[in-house]
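Take a look at the structure below.
The values are calculated or read from the model by the stated rules, or taken from the named source; none is laboratory data. Bear in mind the structure is a predicted one, so any value in this text is a computation, not a measurement. Don't worry about glycine lacking a Cβ; one is built from the backbone with ideal geometry, like all the others, and counts go over all protein chains shown. Please note that ligands, DNA and RNA were not included when accessible areas were found on the heavy atoms of the full protein model with its side chains. Shrake-Rupley method; radii C 1.70, N 1.55, O 1.52, S 1.80 Å.
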Amino acid sequence: MPVMEDSGDRVSDGITRLRTAVRDTWEELSASERAVAQYLASAPAERLLFASAQELGSESGTSNATVVRALQRLGYAGLPALKRGLAADFTHAVPPEVRLQQRIAHVGPDLDGIWGDVFDEAQERIEHGRRLTASDDFRAAVAALAEAGEVFCYGVAAAEIAARHLALALGRIGRRARFLGATGFALADALLPLGRGDAAVVFQPGRALPEFTVLVERARAVGAKVVFVTDELGDAFADRVEAVITAPHTPTGITAESLTGLVVADALLLALTTLDETRAVETSHQLTALREQLLSEGGGKG
């Protein structure tokens, strides 16, 4: 059983949960998994937040595969799940400028290291989202959008990018869609057109805003369907929406918050395209013709 001593600083809830999991499962772990668990339990939270599975494997004298396996034995879906648990305490307790300094200190001036860090976290987040979203949830989301008269794509702040992308791309495959990004009283006007047979896709990693409740209640009242693309709000809205798709947010800020939301949007788009190939191809043809006309007119004026 490893000895895990605390410093004089307050131990975060995330670290406490990790150390408890190590103690509770210690006898069930293999020798290599114990090496990983002991390293995780003794490492500073900041180090775990910014490390890749490969780095943790190297530092614990094991491998990245062993790190992932050990984390799953400890009750985590993977490294991003551990980081998410640690990040909640980290972001609340540490000012943004300090987090930025720590992120800079972690990556340093090594350009090869920076390139690797960004791709490592992006891959971890995408793979984590792939594992956490069941195929039935994805099918339910596609079904909710497939028959929609119009799709309302809602996102604010960092989530706006994925919402705008989905709305634009839906139009390009022949489906009526619009972007919503209003908050406060302005959202009331934006929700008025939402009606029976429509659908809404809400992009929001975490932080439950009152606008989400209003949107969902409006949809239920008029007979519209809702799909949530989120990291932390699934449990809060699962019983009131047609589907929840998990899009893990970034625990470090190294990769863009919108990354996994964009990937989810692309998966929805491809599925909807295959369901009505004729409409998608015809709309694409019309779009190309309009672009060629605009280029021709622009060239003539030039």
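Selection within region 31-78: residues that are among the acidic types (Asp, Glu) and surrounded by fewer than 19 Cβ atoms within 10 Å (Cβ to Cβ). The member of this set that is nearest to Arg131 (Cα to Cα) is Glu55. Here Ser296 meets each of (1) out of contact with any helix residue (DSSP H, G or I) (no Cβ under 7 Å at 6 or more places or on another chain); (2) assigned to a helix (DSSP H, G or I); (3) open to solvent by less than 20 Å² (accessible area, probe 1.4 Å); (4) modelled with pLDDT under 95 with one exception, condition (3). The set of residues from region 233-248 being in contact (Cβ under 8 Å) with a residue 40 or more places away in the chain and of a type outside the set (Gly, Ala, Ser) comprises Glu242, Val244, Ile245, Thr246, Pro248.
Of the helices (runs of 4 or more DSSP H) entirely within region 22-71, those holding at least 3 residues that are within 19 Å of Arg125 (Cα to Cα) and without any contact (Cβ under 8 Å) to a residue 24 or more places away in the chain occupy 53-59.
Here's the yes/no breakdown for (1) closer than 18 Å to Val142 by Cα; (2) modelled with pLDDT under 95; (3) surrounded by 22 or more Cβ atoms within 10 Å (Cβ to Cβ):
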| site | (1), (2), (3) |
| --- | --- |
| Leu192 | no, no, no |
| Val202 | yes, no, yes |
| Ile245 | yes, no, yes |
| Glu257 | no, yes, no |
| Arg291 | no, yes, no |
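Can Arg131 be described as surrounded by fewer than 19 Cβ atoms within 10 Å (Cβ to Cβ) and in contact with a helix residue (DSSP H, G or I) (Cβ under 9 Å, 6 or more places away or on another chain)? For Arg131, the condition - surrounded by fewer than 19 Cβ atoms within 10 Å (Cβ to Cβ) and in contact with a helix residue (DSSP H, G or I) (Cβ under 9 Å, 6 or more places away or on another chain) - is not met.
Go through the residues of region 210-227 one by one and say whether even a single one is at pLDDT below 95, within 22 Å of the chain's Cα centre (by Cα), among the β-branched types (Val, Ile, Thr) and crowded, with 18+ Cβ neighbours inside 10 Å. Within region 210-227, none of the residues are at pLDDT below 95, within 22 Å of the chain's Cα centre (by Cα), among the β-branched types (Val, Ile, Thr) and crowded, with 18+ Cβ neighbours inside 10 Å.
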